[in-house]
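Readers should treat all values here as calculations from the given coordinates under stated rules, not as data from a laboratory. The structure presented is a predicted model; accordingly, all values stated were derived computationally and were not measured. Ideal geometry is used to build each Cβ from the backbone, glycine not excepted, and the neighbour counts take in all protein chains shown.
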Amino acid sequence: MKEQISSSYPLYSQDGKGKDAICIVKFFFGCWTWYILEGNKENRDFMMFGIVINGMDNEYGYVSLSELEEINVRGFKIERDLYFKEKPLKDIDDDQLQAFLSSIYPDEN
């Protein structure tokens, strides 16, 4: 996964694409979902950029792979959606994500 992201979608490679940016990986935990758009190896970690949807404070931001791996709540950890196929943000079936995108990019289809 890391090699695919950093070679095809390094950090800042999708700037300005809005809803047409390609989401390449999806992670989830309870009501939290991370839609990852870009990433690069940084020192011994992997820094990613994407959108986090949690029902309250949806936002674009950076997250490291180690941060996601460290989350453990009563034995439950963040999971990667193994069935998720890369696609443009506008094509992802998630009402909260689409509402967030529409609030930022109201003029895009």
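Numerical summary
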item: Relative contact order [Cα under 8 Å, 6+ residues apart], region 2-104, whole percent; result: 27
item: Separation in nanometres of the label points that stand 7 Å from Cα toward Cβ, at residue 104 and residue 82; result: 3.0
item: Residue with peak Gaussian network fluctuation, the chain [Cα springs, cutoff 10 Å], from 50, 61, 30; result: 30
item: Additional length obtainable on full extension of the chain from residue 62 to residue 44, 0.36 nm per residue less Cα span; result: 4.9 nm
item: Full-extension gain in nm, residue 31 to residue 15, via 0.36 nm per residue minus C-alpha separation; result: 3.1 nm
item: Top of 40, 58, 72 by mean-square fluctuation, Gaussian network on the chain, Cα under 10 Å; result: 72
item: Cα gyration tensor, the chain - rounded (a/c under 1.5), prolate or oblate; result: oblate
item: Value of relative contact order over region 7-67, rounded to a whole percent, pairs C-alpha under 8 Å and six or more apart; result: 25
item: Proxy reagent accessibility, fewest Cβ within 10 Å first, across 85, 19; result: 85, 19
item: Value of [θ]222 nm, deg cm²/dmol, for the chain, DSSP H segments ≥ 4, -39500 (n - 2.57) each, nearest 500; result: -5500 deg cm²/dmol
